[in-house]
Each structure stands twice: as structure tokens, then as C-alpha cells.
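Reviewing the structure listed below.
The values are calculated or read from the model by the stated rules, or taken from the named source; none is laboratory data. Since this is a predicted model, take the numbers as computed values, not measurements. Cβ placement follows ideal geometry from the backbone for every residue including glycine, while neighbour counts extend to all protein chains displayed.
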């Protein structure tokens, strides 16, 4: 069964990635309607993918779509999710779920009351190498997990009208936009965050949102973690590293964090770490390459959500996941403001 999809915010990430790589290629999805405030972009997307170019949000919500994908600026998410739910449509919303924890709660309640499913766009969970790494962690191949690091950065200079550069429209800068993905990934491997300490700054760019953020996290498992997310490093100068360390080995990756499905990942595993070696000689060798068949994250994401709608099951990345992310990010911003460690509920 093919689910009928509508898109609010057909430009941006929807046009670059989610529509061409995800909805258009998914086995259980068909794009039927789009709406964007940019009429030309809306018409172009509709023509390219054989969908109806709606003249308004109301027209899209009155159509026969089953699922609405929201890819608009963050400050619009809450009200749009409420309206989609009221129209009786299932909804998958790009992260952040809302601007605040309170908005996230309202969105979850609205969807529950309307009997529709709510999903959140943490597509990096679906990356084939991340899933392969997760299997190794869950199998205990790395022993007891002790530390993780996730890095994501880009060069994002001042752009007139860029909503991510205005806290009132994006909810924050590099931490909200990039750090949300990084924290979500570390929690995938290490469990829920328990405490956070965070610093943010505007080191290079003169817009209102932060261009620099570093967070230290403690997880329920006892493991520690670090996230660094920057808007002020040239794209080619950051390898977007993922590092996972345990008592029996490590997994080190470059380029798996991001919008693409490429990247390199290596595991170095030991059956027995042995005793203390004073010389600290290290023959790391080449390790074990983790290179499963690539999976397009956007296609996997929309197919999984559509499957949950068809089978009436809980989406794998649901509203609760989006709300928890908002709580962790809110704690990070509180820590950056107060200079203190913040405990999560």
C-alpha cells in the first residue's frame, strides 16, 4: 500500500533531500501535494515530482493526503503540527519538534487527541554504519561503554533572512541545529543523558544565534560524552567524527554524521585488554572496517514512518523522542546561561 504524502515547506531540505531521495523513491510512499511560501519553488517541485502545487496550507490539508511532512522553519512547527492533527493527517516533523518543551508537549497531545501519529526527523539514526555500530555495542563487543564524541560543523556565514541565525525563529544556532542530531546519536549508543554542561559563543559571525557550542554529557549508563557543533569552520576542514569507546575496544568514524550516506568507520576490538603495560606501545593496525551496504537515510526514515501508519504501530522515531531532545537541548542552553551543570528529569 502506498501512503499519500503532502509536504509543507517544499523548498530547503525537502527539495534537496527528503523528497528526491526519500518520498519519491520509497516503496510505500507517493508524493501527491506540496505547499511552500515561495510560489516558484513550490511550482518547480510539484512539476518535477508530479505532485499538486497547492496555493495554501489549507488547500493541502483539505486534500486526500495521509501523511504531512513538515520541513518549514522551526518557529512554524508547533502551530502547523496542531493544524495537521486537527485535519486528521499523520505528521512527521523535522527537528526540532518545537521551539520549546512546552510546544513539544502541545504537539504530542494534539496528535494523541486526534488519533494521528507523530514522527520526528532524526534521520541519522537510520544510517547503515550507525546501525551496524549499534549492533556491536548492544552485543557487548566494545565491553562497558565509557565515552562517546559526536562532531558536526559547517561554514554558515551571515545570510539575510536565514532563520537558523535568529533565536526567535530557529530556537538557537549551531547547538539547536547541529547539536540536536549529535546528542541524539550519542544517546542511541550510550543511553539517555542524565546531566549536561554546555558553553556557547559567537566567535566569528555577528548574527544573534550562537556559532559555537560544546556540551559535556553524563548518561544513565555512567558513560560520558562530548558534542562539538560549529557554524564557523569551513566544510572541508571538519571530518564530522563519531567516536565510541568501551573497555574492549572502540569505533571511530568520519563523515557518517551529516546528510549523506557515505563515511568511513573502523572498529578496534579486543577479546581481553590484558594487564597494565607501562610502555604504552600501541600497534593499532588497520582495525575492522564497518562497511555495510549503504542505506539512504531519508528513504529509510519515510518508509519506516509510512510503515507505522499502514500497520498502526508506533513510529520508530516518535513524538516522545522529539520532546526528549527538546528537554536535553533546553538543559544545555540553561547550562550555557548559568555556567552550571544541569540535571535532567
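Of the residues in the stretch 129-145, at least one is under 15 Å from the mean Cα position of the chain (by Cα), closer than 25 Å to residue 92 by Cα, surrounded by 20 or more Cβ atoms within 10 Å (Cβ to Cβ) and assigned by TED's automatic domain parsing to the domain that holds residue 256. Is it true that some residue in the stretch 124-133 is out of contact with any strand residue (DSSP E or B) (no Cβ under 8 Å at 6 or more places or on another chain), touching a residue at least 12 places away in the same chain (Cβ under 8 Å) and part of a loop (DSSP other than H, G, I, E, B)? Looking for residues that are out of contact with any strand residue (DSSP E or B) (no Cβ under 8 Å at 6 or more places or on another chain), touching a residue at least 12 places away in the same chain (Cβ under 8 Å) and part of a loop (DSSP other than H, G, I, E, B), one finds at least one in the stretch 124-133, hence yes.
Being under 23 Å from the mean Cα position of the chain (by Cα), assigned to a strand (DSSP E or B) and closer than 25 Å to residue 177 by Cα is a condition met by no residue of the stretch 14-28. Under the condition of being surrounded by fewer than 19 Cβ atoms within 10 Å (Cβ to Cβ) and more than 18 Å from the chain's Cα centre (by Cα), the residues counted in the stretch 89-126 number 8. The condition of being without any contact (Cβ under 8 Å) to a residue 12 or more places away in the chain, out of contact with any strand residue (DSSP E or B) (no Cβ under 7 Å at 6 or more places or on another chain) and more than 19 Å from residue 301 (Cβ to Cβ) does not hold for residue 103. Of the residues screened, residue 303 is one that is within 20 Å of the chain's Cα centre (by Cα), outside the structural domain of residue 172 (by TED's automatic domain parsing), closer than 26 Å to residue 90 by Cβ and not in a loop (DSSP other than H, G, I, E, B).
Tallying residues that are touching a helix residue (DSSP H, G or I) at 6+ places or on another chain (Cβ under 6 Å) and either over 21 Å from residue 90 (Cα atoms) or at pLDDT below 95 (or both) within the stretch 11-48 yields 2. Scanning the stretch 154-170 for residues that are touching a residue at least 60 places away in the same chain (Cβ under 8 Å) and farther than 19 Å from residue 336 by Cα returns 154, 155, 156, 163, 169. For the stretch 308-331, the count of residues that are at pLDDT 95 or above, loosely packed, with under 13 Cβ neighbours inside 10 Å and not assigned by TED's automatic domain parsing to the domain that holds residue 93 is zero.
The number of residues in the stretch 151-170 being assigned to a loop (DSSP other than H, G, I, E, B) and at negative phi comes to 8.
Restrict the check to the stretch 222-244 and report whether at least one residue is out of contact with any strand residue (DSSP E or B) (no Cβ under 6 Å at 6 or more places or on another chain), within 24 Å of residue 342 (Cα to Cα) and at pLDDT 95 or above. Yes, the stretch 222-244 contains at least one residue that is out of contact with any strand residue (DSSP E or B) (no Cβ under 6 Å at 6 or more places or on another chain), within 24 Å of residue 342 (Cα to Cα) and at pLDDT 95 or above.
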